[in-house]
Amino acid sequence: MRTYFNLTGRSALVTGAGAGIGAAVAEALAAAGAAVLVTDISGEAAAAVAERITAEGGKADSAPLDVSDRDAAVAAAAQAAGLGEGHLHIVVNNAGVTSPAMFPKLTDATFRLTFDIHVMGTFHVTQAALSHLPTDGTGRIINVTSAAGITGTLGQVNYSAAKAGIIGFTKSLARELAPRNVMVNALAPLAATPMTETIRTNEKFAANMMNRIPLKRWAEADEVAGAFVFLASDAASYITGQVLPVDGGMVM
Ligand SMILES: NC(=O)c1ccc[n+]([C@@H]2O[C@H](COP(=O)([O-])OP(=O)(O)OC[C@H]3O[C@@H](n4cnc5c(N)ncnc54)[C@H](O)[C@@H]3O)[C@@H](O)[C@H]2O)c1
């Protein structure tokens, strides 16, 4: 019988996996059988997630990785390929920050910061992974965008521009890597994480957010992680260049 969601024998690298969605994705990929390199700008946070995975019987290792550092990305990709006997099958470009301000107050520094981490970070890690990707149809690049990059959002011109950039990156790279049988997709999640704490708890933002979510609730990070497993799996072997919102119906 054909199986779809078993990742045994595959290796994965997840960025920004010391907290929030990245940590949940690292755990979900490991639960599906993948050997996961858990990376984060905080090496300690990454190590704690990898320890949790191995304590529960999964395969994981960790490394500090600031995605704006190309050399560190090259080293991490090689380390992750070591977990997969020479191949790095699944790359999840999840690391991210926000630096909100209304447009007149946005500075070059905050604009550059969001681009360095989201766009340049995705570029560095993906290019570092390239020579390690298998060509047998199991290779996956999964980028993380946002509703902000699709519909725009107040006070986030820098973040929205970076997240829209990731969508263009995803679609163009999907075309370039299709001949190598590597699927490149993006996911636009919504979840209760440290990043969304203010908009969930500050009454100025919370009610407005709830009005925009048809399912009328926030997901926990582990609820959105299953969609990453789907895109990483054989079930997604004929899906490339797509953006999948996993957001309670906010974008439709
Ligand atoms: N939470 C949401 O509702 C939501 C919505 C849309 C998009 N996203 C996107 O999902 C991704 C994860 O968000 P989250 O909510 O889990 O955020 P989070 O703030 O909870 O976690 C982000 C992680 O990224 C790490 N990080 C920050 N800068 C880094 C860098 N330079 N290099 C490597 N790691 C770095 C942090 O240390 C942290 O562990 C981000 O790309 C975010 O933009 C989240």
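The values are calculated or read from the model by the stated rules, or taken from the named source; none is laboratory data. Just so we're clear, the structure is a prediction, and the values are computed from it rather than from any experiment. Please note: Cβ atoms are built from the backbone with ideal geometry, for glycine as well, and neighbour counts cover all protein chains shown. These area figures cover heavy atoms from the full protein model, side chains too; ligands, DNA and RNA do not enter into them. Shrake-Rupley method; radii C 1.70, N 1.55, O 1.52, S 1.80 Å.
Just to be sure, is A63 outside any strand (DSSP E or B), touching a Ser or Thr at 6+ places or on another chain (Cβ under 9 Å) and either over 22 Å from K163 (Cβ atoms) or open to solvent by 40 Å² or more (accessible area, probe 1.4 Å) (or both)? No, not satisfied.
Taking first residues from segment 188-203 that are free of Cβ contacts under 8 Å to residues at least 40 places away in the same chain and partners that are within 8 Å of the ligand (Cβ to nearest atom) and part of a strand (DSSP E or B), the Cβ contacts under 7 Å between residues at least 6 apart in sequence or on separate chains come to R200/A192. Just one of the listed residues (E85, E51) is more than 13 Å from the ligand (Cβ to nearest atom) and part of a helix (DSSP H, G or I), namely E51. In segment 127-148, the residue that is nearest to the chain's Cα centre (by Cα) out of those that are within 14 Å of the ligand (Cβ to nearest atom) and of a type outside the set (A, V, I, L, M) is N143.
Taking V92 as the residue in question, decide whether it is within 12 Å of the ligand (Cβ to nearest atom), in contact with a strand residue (DSSP E or B) (Cβ under 7 Å, 6 or more places away or on another chain), not in a loop (DSSP other than H, G, I, E, B) and not polar (S, T, N, Q).
On the way: within 12 Å of the ligand (Cβ to nearest atom): yes; in contact with a strand residue (DSSP E or B) (Cβ under 7 Å, 6 or more places away or on another chain): yes; not in a loop (DSSP other than H, G, I, E, B): yes; not polar (S, T, N, Q): yes.
When the stated conditions are applied, V92 passes them.
Listed residues S233, S237; which is touching a Phe, Trp or Tyr at 6+ places or on another chain (Cβ under 7 Å) and of a type in the set (S, T, N, Q)? Please lay out each step first, then the result.
On the way: S237 fails: touching a Phe, Trp or Tyr at 6+ places or on another chain (Cβ under 7 Å).
After applying the criteria, what remains is S233.
Against the list (1) within 15 Å of the ligand (Cβ to nearest atom); (2) open to solvent by 20 Å² or more (accessible area, probe 1.4 Å); (3) in contact with a helix residue (DSSP H, G or I) (Cβ under 9 Å, 6 or more places away or on another chain), the condition F5 fails is (1). Residues in segment 71-82 that are more than 10 Å from the ligand (Cβ to nearest atom), of a type in the set (G, A, S) and either touching a helix residue (DSSP H, G or I) at 6+ places or on another chain (Cβ under 6 Å) or open to solvent by 20 Å² or more (accessible area, probe 1.4 Å) (or both): A75, A77, A78, A81, G82.
Every test in (1) part of a loop (DSSP other than H, G, I, E, B); (2) within 13 Å of V125 (Cα to Cα) is passed by A76 save one, and that test is (1). Within segment 109-130, the set of residues being touching a helix residue (DSSP H, G or I) at 6+ places or on another chain (Cβ under 6 Å) and either more than 19 Å from A161 (Cβ to Cβ) or among the aliphatic types (A, V, I, L, M) (or both) comprises V119, V125, A128, A129.
In the set G18, G58, G43, only one residue is at pLDDT 95 or above, within 12 Å of the ligand (Cβ to nearest atom), open to solvent by less than 30 Å² (accessible area, probe 1.4 Å) and out of contact with any Pro (no Cβ under 6 Å at 6 or more places or on another chain); that residue is G18. Checking each residue in segment 46-55 for being open to solvent by 20 Å² or more (accessible area, probe 1.4 Å) and closer than 19 Å to V91 by Cα picks out only A47.
Among the candidates S68, S99, the residue that is within 18 Å of T196 (Cα to Cα), touching a helix residue (DSSP H, G or I) at 6+ places or on another chain (Cβ under 8 Å) and within 15 Å of the ligand (Cβ to nearest atom) is uniquely S99. Annotation note: of L187, L177, L244, the sole residue that is in a helix (DSSP H, G or I), closer than 27 Å to N6 by Cα and in contact with a strand residue (DSSP E or B) (Cβ under 8 Å, 6 or more places away or on another chain) is L177.
Name the residue that is most open to solvent (accessible area, probe 1.4 Å), counting only residues in segment 206-241 that are assigned to a loop (DSSP other than H, G, I, E, B) and within 10 Å of the ligand (Cβ to nearest atom).
If we take residues in segment 206-241 being assigned to a loop (DSSP other than H, G, I, E, B) and within 10 Å of the ligand (Cβ to nearest atom), then W218 is most open to solvent (accessible area, probe 1.4 Å).
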